[in-house]
1. What would the Debye formula give as log10 I(q)/I(0) at q = 0.12, 0.13, 0.26 Å⁻¹ for the alpha-carbon point model of the chain, no solvent?
2. Under unit Cβ charges (Lys, Arg +1; Asp, Glu -1), what dipole magnitude, rounded to 20 debye, does the chain have relative to its Cα centre?
3. On a full-extension model of 0.36 nm per residue, what is the gain between ALA14 and ILE30, subtracting their alpha-carbon distance, rounded to one decimal in nm?
4. Report, to the nearest 10°, how far helix 8-63 tilts away from the longest principal axis of the Cα atoms in the chain, using its own Cα long axis and a range of 0 to 90°.
5. Of ILE20, GLN37, SER8, which is farthest along the charge dipole of the chain in the positive direction, counting Lys and Arg as +1 and Asp and Glu as -1 at C-beta?
Amino acid sequence: ASSTIPTSDNWVEAHLLAEIAMSNCKIQHIKKLLANQVVHHDVLQLQYICLQVEKVNLKLMVAE
């Protein structure tokens with residue numbers, strides 16, 4: 001393997017590739033945060049529905 005001194009074009013390309021990699025990492029982080037927020041929303045919605053069911057069950061018990 002020959003050792004060559006990188007040209008300025010190689011440095012620019014390497015810098016751009018590093019920038020792209022960092023941007024992709026940030027995008028993945030944001031996607032993970034959004035997915036966690038969706039899961040949290042769904043959990044809260046499920047808890048609310050369970051409370052509604054419990055409320056209806058209590059009303060039915062009182063009505064009996």
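1. Log10 of I(q)/I(0), two decimals: -0.61, -0.65, -1.01.
2. Values: 5 positive and 6 negative charges, 53 e Å.
With only Lys, Arg, Asp and Glu charged at Cβ, the dipole is about 260 debye.
3. The ALA14-ILE30 span can extend by a further 3.3 nm.
4. 0 degrees
5. Sorting the options by dipole projection puts first GLN37.
A short reminder: the numbers here are calculations on the coordinates, not readings from a lab. Model, not experiment: these values are computed from the prediction. Quick reminder, even Gly has a Cβ in these numbers, built from the backbone with ideal geometry, and neighbours come from all protein chains shown.
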